[in-house]
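J.: Sending over a structure as structure tokens; questions will come in a sec.
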């Protein structure tokens, strides 16, 4: 092998190695982003299930309805925030259903950096939890 062949093969090896390292670095960052997304989804689902369990076990002890089998959104929000505080990085919002059936619990992962994360939405009705008086 002469000097030109050695230099050419060295340049090809260095270039392909740099490209491979770039691909591996990008793959590692994608895996980390995917892991963060999975953790956010798990947090949202755990909070949604905890809300459901709280409504089953404790909602009857609070005045959450306005007397007509409809949730009072502010009372529900206040009681839920006291019983199940929202962890940092998650936003919870209560929106009355347009048809008046119940209240939508909207959960969204809101990381300090980057775009908004996944969302969960659940319709909560007083009748489903036995809060309607006949």
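J.: For each of 103, 23, 86, count neighbouring Cβ atoms within 10 Å of the residue's Cβ, then give the residues from fewest to most. Don't skip to the end; give the middle numbers.
T.: On the way: 103 22, 23 10, 86 14.
Ordered from fewest to most neighbouring Cβ atoms within 10 Å, 103, 23, 86 come out as 23, 86, 103.
J.: Helix 73-83 versus the longest principal axis of the chain: what is the Cα-based angle in degrees, 0 to 90, to the nearest 10?
T.: 60 degrees
J.: Got a sec? How would 4, 90, 56, 124 order by Cβ neighbour count within 10 Å, fewest to most?
T.: Sorted ascending by nearby Cβ count, the order is 4, 56, 90, 124.
J.: In Å, what Rg and Dmax follow from the Cα atoms of segment 74-134?
T.: Cα-based Rg and Dmax for segment 74-134 come out at 13.5, 49 Å.
J.: Continuing with this model, one more query. Based on the Cβ-Cβ distance of residue 113 and residue 49, what FRET efficiency does E = 1/(1 + (r/R0)^6) give at R0 = 25 Å, to the nearest 0.05?
T.: Efficiency, from the Cβ-Cβ distance: 0.40.
J.: Compute the FRET efficiency between residue 57 and residue 99 as 1/(1 + (r/R0)^6), taking r as their Cβ-Cβ distance and R0 = 41 Å, and round to the nearest 0.05.
T.: On the way: r = 27 Å, r/R0 = 0.66.
Given R0 = 41 Å and the Cβ-Cβ separation, E is 0.90.
J.: Could you work out the helix-only [θ] at 222 nm for the chain, with each DSSP H run of four or more residues adding -39,500 (n - 2.57) and the total divided by the number of residues, to the nearest 500 deg cm²/dmol?
T.: -18000 deg cm²/dmol
J.: I've got another one for you. Pick from 100, 22, 89: which residue has the top mean-square fluctuation in a GNM of the chain where Cα pairs under 10 Å get a spring?
T.: Of the options given, 22 has the highest mean-square fluctuation.
J.: Could you identify which residue out of 109, 18, 59 has the top mean-square fluctuation in a GNM of the chain using Cα springs shorter than 10 Å?
T.: Highest fluctuation among the options: 18.
J.: With labels modelled as points extended 7 Å from the Cα through the Cβ direction, what inter-label distance (nm, one decimal) is found for residue 35 paired with residue 10?
T.: For residue 35 paired with residue 10, the spin-label model returns 3.8 nm.
J.: Taking the Cα atoms of segment 3-129 alone, what are Rg (to one decimal) and Dmax (as a whole number) in Å?
T.: 24.9, 91
No value in this document is a laboratory result; all are computed from the given coordinates. Source: prediction; values computed, not measured. Cβ coordinates were reconstructed from backbone atoms using ideal geometry, including for glycine residues, and neighbour counts include every protein chain displayed.
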